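The values are calculated or read from the model by the stated rules, or taken from the named source; none is laboratory data. As the structure is a computational prediction, the values presented were derived from the model and not from experiment. Virtual Cβ from ideal backbone geometry, glycine too; neighbours counted across all protein chains shown. In case anyone asks, the SASA skips ligands and DNA or RNA and just uses the protein heavy atoms, side chains included. Shrake-Rupley method; radii C 1.70, N 1.55, O 1.52, S 1.80 Å.
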Amino acid sequence: MNDPDPQTTRRTFRLDLGRAANLGVLDTAGATFALLIAVKHFEAGQWAKPAVVAAGHLGLVLSLLTVPYLRSRGLAPTRLSALLCAASAAGFFAAAIFGSWLAGYLIGVAVGGICLGLQAPLITYIY
């Protein structure tokens, strides 16, 4: 295996610092505020609260199946990670658009969280 170019390594690291900082905010505040919105705004029942909290963890579990499958299709890890990031953003955007409907909100938050969880092993692979 060829050693990566030091210039490329430094550039990737600098770019990833921005991604990691934003992901830290999304992961911590996103799950907290998504749960707070579900409880306070929607008065969500006992089934909705675990759905909000479990989304990211479900993505990590699903990555055991989906990431190898998608990699076998020839997608580069960087491109696949970007696609999952865009899908996550679309899910959170849908949650904001359907913010007056509990099921739409939960689906959007779940899609966003699952896609963020699916992305984690790819970042490890990129490094």
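On the beta carbon distance between ASP5 and LEU75, with R0 = 25 Å, the FRET formula returns roughly 0.65.
Using the rule -39500 (n - 2.57) for each DSSP H run of four or more residues, divided by the residues of the chain, the 222 nm mean residue ellipticity is -27500 deg cm²/dmol. As a calculated quantity, the FRET efficiency between GLU43 and ALA21 at R0 = 30 Å, using C-beta atoms, amounts to about 0.35. Whole-Hz Karplus values for region 62-75 come out as 5, 5, 4, 9, 6, 5, x, 5, 5, 5, 5, 7, x, 6 Hz, taken residue by residue from phi with 6.51 cos²θ - 1.76 cosθ + 1.60 and θ = phi - 60°; glycine and proline positions read x. Charging the Cβ of each Asp and Glu at -1 and of each Lys and Arg at +1, and nothing else, the dipole of the chain about its Cα centre rounds to 160 debye. Rolling a 1.4 Å probe over the heavy atoms of the protein chains gives the chain an accessible area of 66 Å² per residue.
The simple Förster model, with R0 at 22 Å and r as the Cβ-Cβ distance, assigns LEU83 and THR12 a FRET efficiency of 0.75.
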